[in-house]
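Enquirer: The following block contains the structure, expressed as structure tokens.
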Amino acid sequence: MAPAPSGLLEEAEIKNVRNKELVQARREQICDAALELFLEKGFASTTVRDICARSGVNQASIYDYIANKNDILRRVLNQLWFREDVPSLPDIFKDTSLTLEEAFAHYFRETWRKKRKSTLLVYRAVPHMPVEDRRAMRARDVALIKSVAAELEKRAGRSAEPGETEVLANALIFLSAFAPMRDWLLKEVPEETMIRTISAGAAAMVREILSNQNGAYCDPADQKTIK
């Protein structure tokens, strides 16, 4: 296996073909076809033969570019689920010029638009992953939850009950899957309406749980106490 960059899943190291441009092109063909098939048929029901037929890559040569179906899944997730052009929730929270509603709106807008297919894939495919991949995914999510929890407490200037902020952080991260997993019921609702509504709900949860003893939450974005 090739050493994985920080936070990514390990991809198989295959050097059968020396032409790097050809390897890149073929892997893109394979991963694009696999993503659509995984979403249409499910990871378990999709075969390498299916992927070859959809991608146009010959079955006799596909293993010059990938090791197996799990290797394809790792590559797809590394490209789409772990993409670097989508800001993480902890990084967004660090901008204290944004109100909670604005921070959540930015987060949901980016994830819903850019990670829609990979969100569906993750929730459907994780149960079929090898144990080591599930452990890596879990470790990454645990670290993300802790980071979100820390930023929430930093913004509020106080700590919640033990474990409470982590549960809150987990729920907030899960809301990033709301549109991809539920929009089949809300196709006629404008995206911005969903973003505004879910952002307001998320902000209300934060203020309720991290309010002080007087029942108030101090928002550093507007420097006023919200009761």
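Enquirer: Hey, among the residues in the stretch 121-131 that are assigned to a helix (DSSP H, G or I) and in contact (Cβ under 8 Å) with a residue 40 or more places away in the chain, which one's farthest from Asn70 (Cα to Cα)? Spell out how you get there, then give the answer.
Expert: Narrowing the stretch 121-131 to residues assigned to a helix (DSSP H, G or I): 121-128, 131.
So of that shortlist, the ones also in contact (Cβ under 8 Å) with a residue 40 or more places away in the chain come out as 121-125, 128.
On the way: Leu121: 13, Val122: 13, Tyr123: 15, Arg124: 14, Ala125: 10, His128: 9 Å.
Here the answer is Tyr123.
Enquirer: Which residues, taken from the stretch 196-221, are at pLDDT 90 or above and out of contact with any Asp or Glu (no Cβ under 9 Å at 6 or more places or on another chain)?
Expert: Result: Thr197, Ile198, Gly201, Ala204, Met205, Val206, Glu208.
Enquirer: Right, here's the next one. Hey, could you check the stretch 19-65 for residues that are touching an Asp or Glu at 6+ places or on another chain (Cβ under 9 Å) and closer than 21 Å to Lys117 by Cα and say which is surrounded by the fewest Cβ atoms within 10 Å (Cβ to Cβ)?
Expert: Only one residue tops the list, namely Lys41.
Enquirer: From the list Ala156, Ala149, Ala160, Ala136, pick out the single residue that is of a type in the set (Gly, Ala, Ser), crowded, with 17+ Cβ neighbours inside 10 Å, outside the structural domain of Cys31 (by TED's automatic domain parsing) and modelled with pLDDT of 95 or more. Show your work before the answer.
Expert: Details: Ala156 fails: modelled with pLDDT of 95 or more; Ala160 fails: modelled with pLDDT of 95 or more; Ala136 fails: modelled with pLDDT of 95 or more.
On inspection, the qualifying residue turns out to be Ala149.
Enquirer: Still on this structure: Considering each of Ile145, Ile195, Ile173 in turn, give the residue that is in contact with a Lys or Arg (Cβ under 6 Å, 6 or more places away or on another chain) and in a helix (DSSP H, G or I).
Expert: Numbers: Ile145 fails: in contact with a Lys or Arg (Cβ under 6 Å, 6 or more places away or on another chain); Ile173 fails: in contact with a Lys or Arg (Cβ under 6 Å, 6 or more places away or on another chain).
The conditions single out Ile195.
Enquirer: Among (1) surrounded by fewer than 19 Cβ atoms within 10 Å (Cβ to Cβ); (2) modelled with pLDDT under 95; (3) within 25 Å of Gln24 (Cβ to Cβ), there is one condition Leu80 misses while meeting the rest; what is its number?
Expert: It fails just one condition, (1).
Enquirer: While we're looking at this one, here's another question. For the stretch 1-84, give me every one of the helices (runs of 4 or more DSSP H) that falls completely inside it and has 3 or more residues that are touching a Ser or Thr at 6+ places or on another chain (Cβ under 6 Å) and not assigned by TED's automatic domain parsing to the domain that holds Arg138.
Expert: Numbers: elements: 20-41, 48-55, 69-80.
Counting at least 3 such residues, we get 20-41.
The values are calculated or read from the model by the stated rules, or taken from the named source; none is laboratory data. Because the structure is a prediction, the values reported are computed rather than measured. So basically every Cβ, Gly included, is an ideal-geometry build from the backbone, and we count neighbours across all protein chains shown.
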